[in-house]
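Engineer: Pasting a structure below so you can have a look.
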Amino acid sequence: MPEHIPDARSGFTGRVALVTGAGQGIGAAVAEALAAEGAHVVAADRTPAGVGRLAAEWRELAAKDGSDAPRTGTVTALALDVTDRSAVEAAVERIERDHGPVEILVNVAGILRPGAAAEITDTDWADTFAVNTTGVLHTARAVAPRMAARGRGSVVTVGSNAAGVPRTGMAAYAASKAAAAMYTKCLGLELARTGVRCNIVAPGSTDTAMQRALWTDDEAPRRVIEGDPGTYRTGIPLGRIAEPRDIAEAVVFLASDRARHITMQELYVDGGATLR
């Protein structure tokens, strides 16, 4: 069951947020964190089971709240494939009709297809960019002009520290995240005069299903923390692998009014792994 920690300072109460990739991991944590602060969250994912479960948990939480309990936001599940431009545009139109203007867009949907840079298949390359990069284009193109017309809005793209530091076996993923980050910054520059802010949160190793899929033995977490000279990878100075909520907290801050003078920034949340 998600934690119930509202915070009125951020100004999310009653605002509509669209979070992609919300079926698990970082996306689910972001959806929970925004709802806990009062937002009406549309949690979207290509696989409906995860977002359906999340929405059901929040309905149960609301039903248990007494009259004296702090009011949380809501979570509505949405099956959505961000690679489908028409589906994204139709979904945004429906969200705004049924729930109100989308004031917060968080792009989390992503896939990882490991492979050597010179050996990755055309299919894996194309699929990775379709979700990680073109998916961001589709959602931003559907939402950002509406935000700009209203003179208000925040776009946060969840990228990766791999976008700024080369990784062995992750060429397609790193390249797609770098492209998504630069697209988000360019969008932020073009929309700045309208009052719409666009930022990136770049996680490092985070305890998600995607991260665990890379682990081949019980020593893998230790190698992530301590570093692996064989793959030219530094460790994590803070000595821990991030939890999804660590990333969600950074997203919530950048999406909030507390970050009202921050745009086109890329915030690394990786325990110091990139030594920046």
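The values are calculated or read from the model by the stated rules, or taken from the named source; none is laboratory data. Note that the structure is a prediction, hence the values are computed from the model and not measured. In this analysis, Cβ positions are derived from the backbone assuming ideal geometry, glycine residues included, and neighbour counts consider all displayed protein chains.
Engineer: Is it the case that some residue within segment 49-71 is within 19 Å of the chain's Cα centre (by Cα), closer than 30 Å to Ala149 by Cα and not in a helix (DSSP H, G or I)?
Structural biologist: no
Engineer: Is segment 176-188 home to any residue that is among the β-branched types (Val, Ile, Thr) and either in a helix (DSSP H, G or I) or surrounded by fewer than 19 Cβ atoms within 10 Å (Cβ to Cβ) (or both)? Let's see the steps before the verdict.
Structural biologist: At the first step, the residues of segment 176-188 found to be among the β-branched types (Val, Ile, Thr) are 184.
Now narrow it down to the ones that are either in a helix (DSSP H, G or I) or surrounded by fewer than 19 Cβ atoms within 10 Å (Cβ to Cβ) (or both): 184.
Yes; the residues of segment 176-188 include at least one that is among the β-branched types (Val, Ile, Thr) and either in a helix (DSSP H, G or I) or surrounded by fewer than 19 Cβ atoms within 10 Å (Cβ to Cβ) (or both).
Engineer: Which residue pairs have Cβ atoms closer than 8 Å, lie 6 or more positions apart in sequence or on different chains, and pair a first residue in segment 233-246 that is under 21 Å from Pro166 (Cα atoms) with a second residue that is outside any helix (DSSP H, G or I) and among the hydrophobic types (A, V, I, L, M, F, W, C)?
Structural biologist: Pairs that qualify, where the first residue is under 21 Å from Pro166 (Cα atoms) and the partner is outside any helix (DSSP H, G or I) and among the hydrophobic types (A, V, I, L, M, F, W, C), are Thr234/Ala273; Thr234/Leu275; Gly235/Ala273; Ile236/Ala273; Pro237/Ala273; Pro237/Leu275; Ala242/Val269.
Engineer: I'd like the full set of residues that are exposed (fewer than 14 other Cβ atoms within 10 Å of the Cβ) and either modelled with pLDDT of 90 or more or of a type in the set (A, V, I, L, M) (or both), limited to segment 193-219. Explain how you work it out, then say what you get.
Structural biologist: Step one: of segment 193-219, the residues exposed (fewer than 14 other Cβ atoms within 10 Å of the Cβ) are 193, 209, 212-219.
Arg193, Ala209, Ala213, Leu214, listed by residue number.
Engineer: Hey, can you tell me all the residues within segment 227-256 that are in a helix (DSSP H, G or I) and surrounded by fewer than 14 Cβ atoms within 10 Å (Cβ to Cβ)?
Structural biologist: First, pick out the residues of segment 227-256 that are in a helix (DSSP H, G or I): 229-231, 244-255.
Listed by number, the residues that qualify are Pro229, Gly230, Thr231.
Engineer: Checking Val251 against (1) in the same structural domain as Ala163 (by TED's automatic domain parsing); (2) modelled with pLDDT under 95, only one condition comes out false. Which one?
Structural biologist: Against the list (1) in the same structural domain as Ala163 (by TED's automatic domain parsing); (2) modelled with pLDDT under 95, Val251 comes up short only on (2).
Engineer: In segment 59-103, which residues are surrounded by fewer than 16 Cβ atoms within 10 Å (Cβ to Cβ), at pLDDT 95 or above and over 15 Å from Arg141 (Cβ atoms)?
Structural biologist: Ala79, Arg94, Arg97, Asp98, Gly100, Pro101
Engineer: Quick check, is Met210 more than 23 Å from Glu103 (Cβ to Cβ) and under 15 Å from the mean Cα position of the chain (by Cα)? Before the answer, list the steps.
Structural biologist: Details: more than 23 Å from Glu103 (Cβ to Cβ): yes; under 15 Å from the mean Cα position of the chain (by Cα): yes.
Against the criterion (more than 23 Å from Glu103 (Cβ to Cβ) and under 15 Å from the mean Cα position of the chain (by Cα)), Met210 qualifies.
Engineer: Starting from residues that are touching an Asp or Glu at 6+ places or on another chain (Cβ under 8 Å) and among the aliphatic types (A, V, I, L, M), keep the ones in segment 99-157 and report whichever is nearest to Ala250 (Cα to Cα).
Structural biologist: Once the filter is applied, the top-ranked residue is Ala109.
Engineer: Within the set of pairs 6+ apart or on separate chains, which have a first residue in segment 254-276 that is of a type in the set (D, E, K, R), a second that is part of a loop (DSSP other than H, G, I, E, B), and C-beta atoms under 8 Å apart?
Structural biologist: Note: pairs meeting the criteria are Asp257/Gly11; Glu266/Gly159; Glu266/Gly164; Asp270/Gly204; Asp270/Ser205; Asp270/Ile236; Arg276/Gly164.
Engineer: Do we find that Asp207 is more than 22 Å from Phe129 (Cβ to Cβ), touching a residue at least 24 places away in the same chain (Cβ under 8 Å), of a type in the set (Asp, Glu) and touching a Pro at 6+ places or on another chain (Cβ under 8 Å) in this structure? Give the steps one after another, and end with the answer.
Structural biologist: Working: more than 22 Å from Phe129 (Cβ to Cβ): yes; touching a residue at least 24 places away in the same chain (Cβ under 8 Å): yes; of a type in the set (Asp, Glu): yes; touching a Pro at 6+ places or on another chain (Cβ under 8 Å): yes.
Considered against the rule, which asks whether it is more than 22 Å from Phe129 (Cβ to Cβ), touching a residue at least 24 places away in the same chain (Cβ under 8 Å), of a type in the set (Asp, Glu) and touching a Pro at 6+ places or on another chain (Cβ under 8 Å), Asp207 comes out as yes.
Engineer: I would also like to ask the following. Which one is nearest to Pro145 (Cα to Cα) among residues in segment 100-119 that are assigned to a strand (DSSP E or B) and under 11 Å from the mean Cα position of the chain (by Cα)? Please lay out each step first, then the result.
Structural biologist: Within segment 100-119, the subset assigned to a strand (DSSP E or B) is 102-107, 115.
When the remaining residues are screened for being under 11 Å from the mean Cα position of the chain (by Cα), the result is 105-107.
Numbers: Leu105: 12, Val106: 15, Asn107: 16 Å.
Among those that are assigned to a strand (DSSP E or B) and under 11 Å from the mean Cα position of the chain (by Cα), it is Leu105.
Engineer: Here's a follow-up. Do we find that Thr168 is surrounded by fewer than 16 Cβ atoms within 10 Å (Cβ to Cβ), touching a Ser or Thr at 6+ places or on another chain (Cβ under 8 Å) and of a type in the set (Val, Ile, Thr) in this structure? Give the steps one after another, and end with the answer.
Structural biologist: Values: surrounded by fewer than 16 Cβ atoms within 10 Å (Cβ to Cβ): yes; touching a Ser or Thr at 6+ places or on another chain (Cβ under 8 Å): yes; of a type in the set (Val, Ile, Thr): yes.
For Thr168, the condition - surrounded by fewer than 16 Cβ atoms within 10 Å (Cβ to Cβ), touching a Ser or Thr at 6+ places or on another chain (Cβ under 8 Å) and of a type in the set (Val, Ile, Thr) - is met.
Engineer: With surrounded by fewer than 16 Cβ atoms within 10 Å (Cβ to Cβ) and either over 12 Å from Val252 (Cβ atoms) or modelled with pLDDT of 95 or more (or both) as the only criterion, which of Ala56, Ala31, Ala17 stands out? Don't jump to the end; show me each part of the working.
Structural biologist: Numbers: Ala31 fails: surrounded by fewer than 16 Cβ atoms within 10 Å (Cβ to Cβ); Ala17 fails: surrounded by fewer than 16 Cβ atoms within 10 Å (Cβ to Cβ).
Just a single option satisfies the conditions, and that option is Ala56.
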